[in-house]
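Working notes, beginning with the structure itself.
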Ligand code: ANZ
Ligand code: ZN
């Protein structure tokens, strides 16, 4: 016996800091900007430095780390970086609340959270860390902005914002509460101010088409969300000439996907901002008031769809392009200025919104599509959808087009319109250009200069970056940059005259749209990313993050990749070849309700539970006052339900390895994970048992040694088989389907098998060694600290280990089951060695008591199918 020099008991707090220091000292996770060996880029969405880590972070970064460590074990060079999405509103809010500069607040948070991340034991190349709020980073964002502006891919136009008249500041949508400013409580007004826009619509078709390239690597659900957001629609533009050109010369163009219903158009509706509406309102105070009312309302599409339909006649008329009939033009609140041409041909019989509107204002409703079999029923407003159906069908009441089906009618009507120059085929996208100006301080300065002579002039490249002053404490009353002449006073690069620097900053989505590229060469001084580094590391092989970013962030990052590609900075069409969207982390909720129905939420950490023997909660008590609380069920961890569990507490109590194993074991990564104290304890127990088992093995003094696999005892062969089955399963589970939970379950089984195996001979110990070594290496992606310590005791350095290889011969089972029948009826089963000969099988079968009782008479025939069955015919 020998005494190992590790503790007999697993002490995470004693080993984790030591191992983390070792990784840092030896720079184990450092990779170069360019490598030639097989390599892989694994990226978890970088965090906003909000103050401290939450469980969602821990899950996200553990998933990325398990994948990174797995591929490192496969011998690949893995880039796993970490940084900070460091601009944004919370820093300004903190500044207002605590009178501390956003920069200081941000960097303090970063320091704290970096420490927390390091304590999770992530295999990150920390030399690549950056924060997006540093000039070294946003320099290149500004550079790209200038290039795109010069190319016409960025433009400036007026747009409507929420204006707080007391604070004299622009409010983000989430800062407006019930129509009032969140800080001042003043009634919010709408204002039109100039803003910069990225022409993302120029890329709409490509953003849609390239989703096909992601088919294999992205969740279907995310691809669908992207597709819907881009919203390609195939339709036609139809021109309705003015019926009275002396009053209004321009025709009205509408966009429709239902050209087949043209003969049922009974009025035309325009948006409140449509030029014709504005002209009609010039001498009409009621119309003017109505337009103003529409402008004040919500601009969210979802609200518009459900809002009560409202409208007013303009007094203008247009001509139907085919019949020449006079149709009235109405202003309607359900028509968006920002979609199509801001005008629709209304077909009340076949469009629900038009129908509601026509009923309300007594406008004609004309059926033009046949709804099978329902024609002769009288019209009934309450069942109109059933009556007409919104679907395609044969045309009726449509003159020459009667009887045609959708496709033929559509083409025939389009052809006729085209011949008259009153229509054309048209593709429309729901996607809008991306407005990026924010009237905020804590963001990347927009590199533009406003000159009264020359207009908008981009900052010359050699003057970049435009540096954001960092010693500023905003007080909530407008953008402080507007009060800093030292920032905004400048000269025009074009005429040399006095000019004013743009004080708006960029939407923080811009920083997160290209950070993945910067990580490939974070110190590169001559551009966004070096060509060689981009060539090596891009695209990201595996991106991991929350599904809440499934639309905007991913769309903007895909857009930026294409912009950078067209700028010659990166290659390829897409930034992320594979995407994993992690599920939410849920926890129990506890509350009390007062007489007014107001709920107070209690943190699970402050609740004492009494359970029955099946683990069901009998009673939940708030520790502070010993009184009961109501158990509210599992919900997403959030501030509003006060059910967040602080990862730090778990790490302090059990160690990072336990937290990691629990998270990976409790649920597949893309599904919700229910927090459970019992689960955490279970994970911890498992690691303790691994430690104990290894300790006991070390105590025997056995070491690695070769053995002849064919000469092992059956029990030793069984353990070998289990070992190699586990290697095969875990490798496959991780690589092919990210099934971390079943991988850990397999490792638990292997541990049991090792514990059950009573090693006696030197060969037995060698088989145990192989099993333990395999277990520890396979466990390393999940519990890297524990694995490294225990492997070191076995004389192995985890950081240079490779994934164990499956020995196919070890997988072959050396025994098998033989079915024993009497007169074709199953009577018993035999466990025998493979290829046991015929006579021995008969003898063994006959000896079985279950068989013997049927073999009383003479046996007529003995049938043996080798390796399968024995049948006695009596
Ligand atoms: C006539 C019609 C008849 C329509 C019918 C629908 C059903 P998607 O598929 O989303 O592109 N539309 C066009 N521009 C609009 C705007 N600015 N604001 C509100 N609605 C607008 O939808 C296209 C349909 O949305 C168009 O087809 C138009 O109504 C409406 F039985 O035209 B349809
Ligand atoms: Zn000028």
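The values are calculated or read from the model by the stated rules, or taken from the named source; none is laboratory data. For clarity, every value in this text was computed on a predicted model and none was experimentally measured. With ideal geometry, Cβ positions are generated from the backbone for all residues, glycine too; neighbour counts draw on all protein chains shown.
Some notes on this structure:
- Criterion (part of a loop (DSSP other than H, G, I, E, B) and at pLDDT 95 or above) met by exactly one of 572, 545, 597: 572
- Of 801, 852, all but one fail to be under 30 Å from residue 700 (Cβ atoms) and either surrounded by 12 or more Cβ atoms within 10 Å (Cβ to Cβ) or in contact with a strand residue (DSSP E or B) (Cβ under 7 Å, 6 or more places away or on another chain) (or both); the exception is 801.
- Among the residues of the range 186-205, not a single one is closer than 18 Å to residue 505 by Cβ, at pLDDT below 85 and surrounded by fewer than 16 Cβ atoms within 10 Å (Cβ to Cβ).
- Residue ID - nearest to residue 748 (Cα to Cα), chosen from residues in the range 653-678 that are more than 22 Å from the chain's Cα centre (by Cα) and modelled with pLDDT under 95: 678
- In the set (1) modelled with pLDDT of 95 or more; (2) surrounded by 15 or more Cβ atoms within 10 Å (Cβ to Cβ); (3) away from ligand 1 (no atom under 16 Å from the Cβ), the condition left unmet by residue 254 is number (3).
- All conditions in (1) out of contact with any strand residue (DSSP E or B) (no Cβ under 9 Å at 6 or more places or on another chain); (2) buried (at least 21 other Cβ atoms within 10 Å of the Cβ) hold for residue 438, with the sole exception of (1).
- Scanning the range 217-227 for residues that are touching a residue at least 60 places away in the same chain (Cβ under 8 Å) and surrounded by fewer than 18 Cβ atoms within 10 Å (Cβ to Cβ) turns up 217, 219, 221, 225.
- Residue satisfying all of: in the range 472-492; surrounded by 16 or more Cβ atoms within 10 Å (Cβ to Cβ) and within 16 Å of ligand 2 (Cβ to nearest atom); nearest to residue 94 (Cα to Cα) among these: 488
- Of note, residue 92 does not satisfy the criterion of being modelled with pLDDT of 95 or more, surrounded by 20 or more Cβ atoms within 10 Å (Cβ to Cβ), touching a helix residue (DSSP H, G or I) at 6+ places or on another chain (Cβ under 8 Å) and closer than 23 Å to residue 472 by Cβ.
- Test result for residue 498, within 16 Å of ligand 2 (Cβ to nearest atom) and under 34 Å from the mean Cα position of the chain (by Cα): no
- Scanning the range 60-106 for residues that are in contact with a strand residue (DSSP E or B) (Cβ under 8 Å, 6 or more places away or on another chain), without any contact (Cβ under 8 Å) to a residue 40 or more places away in the chain and part of a helix (DSSP H, G or I) yields a count of 1.
- Filtering 20, 27 for residues that are loosely packed, with under 15 Cβ neighbours inside 10 Å and modelled with pLDDT of 95 or more leaves a single hit, 27.
- Restricting attention to the range 425-443 and to residues that are under 27 Å from residue 510 (Cβ atoms), out of contact with any helix residue (DSSP H, G or I) (no Cβ under 7 Å at 6 or more places or on another chain) and not in a loop (DSSP other than H, G, I, E, B), the residue that is farthest from ligand 2 (Cβ to nearest atom) turns out to be 428.
- Condition met for residue 646 (touching a residue at least 24 places away in the same chain (Cβ under 8 Å), closer than 29 Å to residue 9 by Cβ and in contact with a helix residue (DSSP H, G or I) (Cβ under 8 Å, 6 or more places away or on another chain)): yes
- Unmet requirement for residue 663, which otherwise passes all of (1) in contact with a strand residue (DSSP E or B) (Cβ under 8 Å, 6 or more places away or on another chain); (2) more than 22 Å from residue 50 (Cβ to Cβ); (3) assigned to a helix (DSSP H, G or I): (2)
- Which listed residue, of 464, 422, is more than 16 Å from ligand 2 (Cβ to nearest atom), modelled with pLDDT of 95 or more and over 30 Å from residue 351 (Cα atoms): 464
- Scanning the range 429-445 for residues that are within 16 Å of ligand 1 (Cβ to nearest atom) and modelled with pLDDT of 95 or more yields a count of 1.
- Counting only strands (runs of 3 or more DSSP E) wholly contained in the range 307-357, the ones carrying 2 or more residues that are more than 15 Å from ligand 1 (Cβ to nearest atom) and in contact with a strand residue (DSSP E or B) (Cβ under 6 Å, 6 or more places away or on another chain) occupy 311-319, 326-332.
- Considered as a group, the residues in the range 444-461 that are surrounded by fewer than 19 Cβ atoms within 10 Å (Cβ to Cβ) and within 23 Å of residue 136 (Cβ to Cβ) include one that is farthest from ligand 2 (Cβ to nearest atom), and that residue is 461.
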